[in-house]
Amino acid sequence: MGEGNWGDGDPHPPEVAQACLAMLARHEADANTYREQFVARFRLTKTGVTSISGVPIAGAQHAADGPSIEVSLPIAAAPAFMVAPVEELLAVVSMGPLPDDLPPALSSPLPEEKLDPRYTLLPLPEPLVFSTHEALRADYFNKWEFGPVPRLGRHYYWPASPDVVHVLSAPIAETAIDFGRFPPSRVRVVAKQHPLYRVVDRWGENVTIGVSAGARLITKYAGRVISDQHGISGLRGVIQRGADKHLFAYRPPHYSYMQGGRKPGFWYVLAVSPSGEVRTDVAEELFDGYFAFQAFDQDPTPFSDRDFHTFGLEGIRKGKPKTVRWIWHPDDRRYKITVEPPSQRVNRSDDLY
């Protein structure tokens, strides 16, 4: 913080200093626990293979021939991974105890992290793959770790349950840099998990509509991916309307990494045809500037009727009630927006921050 010209102040009282040191110790312990998920340690002897604590590894195969020991381990014994497919491993071999100062292996291959020279990189004869959703898994982890906005939380999976994605993030930290709309909050780490792929609807024998890791809509026809739409979350319903199926989603207000600030809540609708193709223009957007904070004094409340002929947002603007409503128009095959009362519509000049 050199730009702030900060100087040394009075020392903290002993109890405050102890609390700070305890917090740092908890952080270090939690960080080590997290990193240890990506490490598996085994003890090899002439008679078998066990964990470091001496527990036999169920399903392991062991063969000793003179000074050599060959071991085959079950997939359940593998650590967690952040990449897919797995094409290489890091290994350390030590006669006797492992070195006390050996850091856990890298949790992900990030360029700024240095590999401890005691590790050996072992390319696998064949990539470690799984029977379900392998292409989707590889695409998901490549995009999250090395996409245009990398490292938004930590995403990983366990080989024993490869179709479950684990996410470690700090969502409360978002409000601390939110243009003053909310008071700063203490950072806390949140662990979540969601399925890599979940079927939300089917159409006949051929079309499958699914959501991948809670954020991507994927349609398949006879097992072949027809459409892959990013950015869907908060799915609220699926309705057949005419020849298509419509998917309705509402995303609550949230911090946007792309915009560097908080984004208001909004509705969006996708239409899936009998062939699995997806339309993204089925509902009007950007009318009334409802994406802007000036559209409402505070976060509005989403609503919809049972069959989603009507859905929208209710709230207050300039101290008076306001409703933004989408209504289905069969002739146009679109949901069109109205603002009630019309005087509450945001003018173009009001959209500016």
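Assess whether residue 164 counts as being among the aliphatic types (A, V, I, L, M), at pLDDT 80 or above and either buried (at least 16 other Cβ atoms within 10 Å of the Cβ) or in contact with a Phe, Trp or Tyr (Cβ under 8 Å, 6 or more places away or on another chain) (or both). Yes, satisfied.
Of all residues in the range 109-118, exactly one satisfies the criterion of being closer than 11 Å to residue 92 by Cβ and either modelled with pLDDT of 80 or more or exposed (fewer than 11 other Cβ atoms within 10 Å of the Cβ) (or both), namely 117. Evaluate the following for residue 124: is it under 17 Å from residue 36 (Cα atoms), modelled with pLDDT of 85 or more and in a strand (DSSP E or B)? No: the conditions fail for residue 124. Figure legend. Inter-residue proximity from the range 240-263: first residues assigned to a loop (DSSP other than H, G, I, E, B), second residues modelled with pLDDT under 85 and among the β-branched types (Val, Ile, Thr), beta-carbon distance below 9 Å, spacing 6+ or different chains. Indicated pairs: 257/149; 258/149; 260/177. Of all residues in the range 59-93, those satisfying the criterion of being exposed (fewer than 14 other Cβ atoms within 10 Å of the Cβ), in a loop (DSSP other than H, G, I, E, B) and over 32 Å from the mean Cα position of the chain (by Cα) are 59, 66, 67, 93. Beta carbons closer than 8 Å, at least 6 apart along the sequence or on distinct chains, never pair a first residue in the range 13-39 that is within 18 Å of residue 158 (Cα to Cα) with a second that is of a type outside the set (Ser, Thr, Tyr) and part of a helix (DSSP H, G or I).
Out of curiosity, is residue 217 under 30 Å from residue 131 (Cα atoms) and modelled with pLDDT of 85 or more? Criteria not met by residue 217.
The values are calculated or read from the model by the stated rules, or taken from the named source; none is laboratory data. All values derive from a computational prediction rather than experimental measurement. Note: ideal-geometry Cβ built from the backbone for every residue, glycine included; neighbour counts use all protein chains shown.
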